[in-house]
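This report concerns only the one structure given below.
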Amino acid sequence: MTDRRSFLKTAAAASAAAAATPLLGSCQTGKDKYGIGLDKSLQSKLIVEPGNAVPITGTFLDEISTDIPHQNWGEAEWDRDFQYMKKFGIDTVIIIRCGLRKWMTYPSPYLLKKGYYYPSVDLVDMFCRLAEKYGMSLYIGLYDSDEYWYTGVYNNEIEINRFIIDELWERYGHYKSFKGWYLSYEISRRSKGAIEGYQKLGQQCKELSKSKEYPNGYPTFISPIIEGIKGVSAQSAQLRRADRPDIMEHMRDWDEIFEGIHEFVDACAFQDGYNDYDEIEDYISVNKMLADKWGIHSWTNCESFDRDMPIKFLPIKFDKLRMKLEAAKRCGVEKAITFEFSHFISPQSAYLQAGHLYDRYLEYFGKKI
């Protein structure tokens, strides 16, 4: 007969063994509970030229999200994710926004006076420290009230962010990892009213962060929307729109927008998920031409989630990601960032497919899985 002490020892040993048994997935070895393991010596037999694309070297950090679930990571999980990013080739991380509606990534004295919610962790501080630890550059995004999406009025954004920019610089300007600003508003061709906002906020960011190393201030960048065939609301069941502007309208409007903001915006990374795959290169080419004309660095925001699925949003199919990055290389794009590594590419994402996308990407670029 098994006594209580023996039973507890046996149960504890069984629990430890179960915890030590890895699941099938990226960057793991051993066998699952069915005795089946991954043979890491096997590689996909690619029939395309490997690595013939712009690599992804930057990612947004979307910890205050509008339409994807929170993963509820603590610092240990974020530290591990930064290690995955480092292996992937990420050298730049961007806090997509420091606040959204009443939610904050850090305890902003200005927003707390307005009755906004107190955060449990200072995420901006944590991301600054992790970026410093892993040798990455950090861009900090501004506050987003979410109002301009519906009203088209940017006055409130400008007024609030006058205080937020000062707070961010005072609290985090000493970090060596803090290297730039992200002007968070994802405008489209219809958002010409945002030009003044970009001018005022971009100028303030730059003036505040001037130094011997950065005589013009820290760089600023934006990641706008292309009003393509997939330019539909995330809350809608619709996947495509019947009407959309043609590429010439896109070019005329963005020529005007760039003319107004080029002194205050250093780089532009258009979101590449709004067009069909056979027209992406045309749009990237136009975007690159306009950026060159106005002296703006041409980046691309290679979305790593799929806009073609009825479920919004899931990790993208690898070939879709590859085709977009290959098109960016043919157009001479300087840098590719993504929205967003931690949810849609990371091996520890809540989505199992994300870790497989991580592996396929490393395989394509000839990196060891």
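Numbers for the structure displayed
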| quantity | calculated |
| --- | --- |
| Helices (runs of 4 or more DSSP H) lying entirely in segment 43-161 (those with 1 or more residues that are at pLDDT 95 or above and open to solvent by 20 Å² or more (accessible area, probe 1.4 Å)) | 75-88, 109-112, 123-133 |
| Residues being in contact with a strand residue (DSSP E or B) (Cβ under 6 Å, 6 or more places away or on another chain), outside any loop (DSSP other than H, G, I, E, B) and within 25 Å of Glu263 (Cα to Cα) - total across segment 285-306 | 7 |
| Candidates Lys368, Lys293, filtered to the one that is of a type outside the set (S, T, N, Q) and either within 22 Å of Asn275 (Cα to Cα) or in contact (Cβ under 8 Å) with a residue 24 or more places away in the chain (or both) | Lys293 |
| Selected residue (only one of Glu263, Glu256 is touching a residue at least 40 places away in the same chain (Cβ under 8 Å), part of a loop (DSSP other than H, G, I, E, B) and either closer than 27 Å to Pro219 by Cα or of a type in the set (Gly, Ala, Ser) (or both)) | Glu263 |
| Check on Ser233, modelled with pLDDT of 95 or more, within 26 Å of Pro69 (Cβ to Cβ) and not basic (Lys, Arg) | no |
| Ala267 under 22 Å from the mean Cα position of the chain (by Cα), within 22 Å of Phe88 (Cβ to Cβ) and either open to solvent by 10 Å² or more (accessible area, probe 1.4 Å) or at pLDDT 95 or above (or both) | yes |
| Residue count, segment 172-216 (criterion: open to solvent by 40 Å² or more (accessible area, probe 1.4 Å), of a type in the set (Asp, Glu) and more than 25 Å from Glu132 (Cα to Cα)) | 1 |
| Selection status of Asp276, open to solvent by 20 Å² or more (accessible area, probe 1.4 Å) and at pLDDT below 95 | yes |
| Selection count where residues are under 18 Å from Asn52 (Cα atoms) and surrounded by 17 or more Cβ atoms within 10 Å (Cβ to Cβ), scope segment 305-324 | 6 |
| Positions within segment 307-323 being under 12 Å from Tyr277 (Cα atoms) and either part of a strand (DSSP E or B) or in contact (Cβ under 8 Å) with a residue 60 or more places away in the chain (or both), in sequence order | Arg307, Asp308, Arg322 |
| Among (1) within 27 Å of Glu259 (Cβ to Cβ); (2) within 19 Å of the chain's Cα centre (by Cα); (3) acidic (Asp, Glu); (4) modelled with pLDDT of 95 or more, the one test that Glu340 misses | (1) |
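The values are calculated or read from the model by the stated rules, or taken from the named source; none is laboratory data. These numbers come from a predicted model, not from an experiment. Here the Cβ is made from the backbone with ideal geometry for all residues, glycine too, and neighbour counts use every protein chain on show. Note: accessible area is taken over every heavy atom of the protein model, side chains too, but ligands, DNA and RNA are not part of it. Shrake-Rupley method; radii C 1.70, N 1.55, O 1.52, S 1.80 Å.
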